[in-house]
1. Any residue in the range 175-185 that is charged (D, E, K, R), in contact with a helix residue (DSSP H, G or I) (Cβ under 7 Å, 6 or more places away or on another chain), modelled with pLDDT under 90 and farther than 30 Å from residue 271 by Cβ?
2. Exactly one of (1) assigned to a strand (DSSP E or B); (2) under 19 Å from residue 265 (Cβ atoms); (3) of a type in the set (A, V, I, L, M, F, W, C) is unmet by residue 240. Its number?
3. Take the residues of the range 359-388 that are among the charged types (D, E, K, R) and over 15 Å from residue 277 (Cβ atoms): which is modelled with the lowest pLDDT?
4. Within the range 343-355, does at least one residue satisfy the condition of being modelled with pLDDT of 90 or more and in a loop (DSSP other than H, G, I, E, B)?
5. Does residue 319 fit the bill of being open to solvent by 10 Å² or more (accessible area, probe 1.4 Å), modelled with pLDDT of 85 or more and in a loop (DSSP other than H, G, I, E, B)?
6. Just checking, does the range 326-335 include any residue being open to solvent by 40 Å² or more (accessible area, probe 1.4 Å), within 24 Å of residue 246 (Cβ to Cβ) and in a strand (DSSP E or B)?
7. Using the structure shown, decide if residue 359 is out of contact with any Phe, Trp or Tyr (no Cβ under 7 Å at 6 or more places or on another chain), without any contact (Cβ under 8 Å) to a residue 60 or more places away in the chain, surrounded by fewer than 17 Cβ atoms within 10 Å (Cβ to Cβ) and not aliphatic (A, V, I, L, M).
8. Please go through the range 160-172 and pick out each residue that is open to solvent by 20 Å² or more (accessible area, probe 1.4 Å) and in a helix (DSSP H, G or I).
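The values are calculated or read from the model by the stated rules, or taken from the named source; none is laboratory data. Being a predicted model, the structure only gives us computed values, none of them experimental. With ideal geometry, Cβ positions are generated from the backbone for all residues, glycine too; neighbour counts draw on all protein chains shown. Only protein heavy atoms, including side chains, enter the accessible area calculation; ligands, DNA and RNA are left aside. Shrake-Rupley method; radii C 1.70, N 1.55, O 1.52, S 1.80 Å.
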Amino acid sequence: QIMKYAEQRIPTLNEYCVVCDEQHVFQNGSMLKPAVCTRELCVFSFYTLGVMSGAAEEVATGAEVGLGTVSPPPVPWGAGLSLQSLLCPKVVDLLVAMCRAALESPRKSIIFEPYPSVVDPNDPKTLAFNPKKKNYERLQKALDSVMSIREMTQGSYLEIKKQMDKLDPLAHPLLQWIISSNRSHIVKLPLSRLKFMHTSHQFLLLSSPPAKEARFRTAKKLYGSTFAFHGSHIENWHSILRNGLVNASYTKLQLHGAAYGKGIYLSPISSISFGYSGMGKGQHRMPSKDELVQRYNRMNTIPQTRSIQSRFLQSRNLNCIALCEAVITSKDLQKHGNIWVCPVSDHVCTRFFFVYEDGQVGDANINTQDPKIQKEIMRVIGTQVYTN
């Protein structure tokens, strides 16, 4: 009976609060990682019990965790989690950068979701950051005091925490929240990364819970699947990593419009999704393919001031793009040339994530339908994460 219960219960842990065991009521459905619910009593218990309290301490070790050290997932694209893999300094640095981008956005009242729930270290009975009483200025002050991860790896954890507490007593609790609230599985890709993406900042990104992956596999068997890019401005990813990639068309979350109808927008051509990511002149302007090609050629002829293996994200000027797997022959997928629209969120799953900094531009000519590109994607998948 215990075994039967475990078989049924473990795959659904992400659907229930880790404290009260009540089922979550998330706006866009459950995500991959278990999480605490928004009830204040559960938030207090979550921090009092010390769940994830050692996360920042693990960051202080500076260990780089690659896919080669992660156990094979029990199902395709794995529902399994490796806590240590979430603590790679680059991953935490990325989470902090996304939080900052969302908080500094003029649209923060819409896209900075979820807002932190952080217990006041000086008064454990109150919330220093409360979603019901949002204070963006105080949050910004605490975030400014959060040291970069590259600085956190230069001394003992206790000394670093002491320094953070001197700067702002809410800085360290906020960093813990940024780490523990991430509900996607992110792992820094090793050297066998997708070289055609021309960035050293490459990550495996899995966010679909087991139930969604099961539905995706069922549709994939019926209709087949392929890979396509999804571009979204860096300010949106703080929420995407915690709420999932959703159909934002005709909602307050929509940014670029929905010229081809309601759905998740994808493209097999990198230049199109680069445009949606904001990789161009002006924050949200979509550059033409020729402009991206010119910028790519120019950036790749300028001598690099730092190694391409730069370990950390050192800029606040970031752009990002995701590589997704999507069901391709279903009647639900609408193709308008190289712009694809998928209204069914179960038919799109994130797989990889790429970050560009300091005006760096990726190759605008990548086509995921090119056999050579497909072969390279499948090589990385086959050698690192995919199991049948």
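1. Looking through the range 175-185, at least one residue is charged (D, E, K, R), in contact with a helix residue (DSSP H, G or I) (Cβ under 7 Å, 6 or more places away or on another chain), modelled with pLDDT under 90 and farther than 30 Å from residue 271 by Cβ.
2. (1)
3. Per the stated criteria, the residue is 379.
4. There is no residue in the range 343-355 that is modelled with pLDDT of 90 or more and in a loop (DSSP other than H, G, I, E, B).
5. Here the answer is no, as residue 319 does not meet what is asked.
6. Yes, the conditions are met somewhere in the range 326-335.
7. No; evaluated as a whole, the condition is false for this residue.
8. Selection gives 161, 162, 163, 165, 166, 167.
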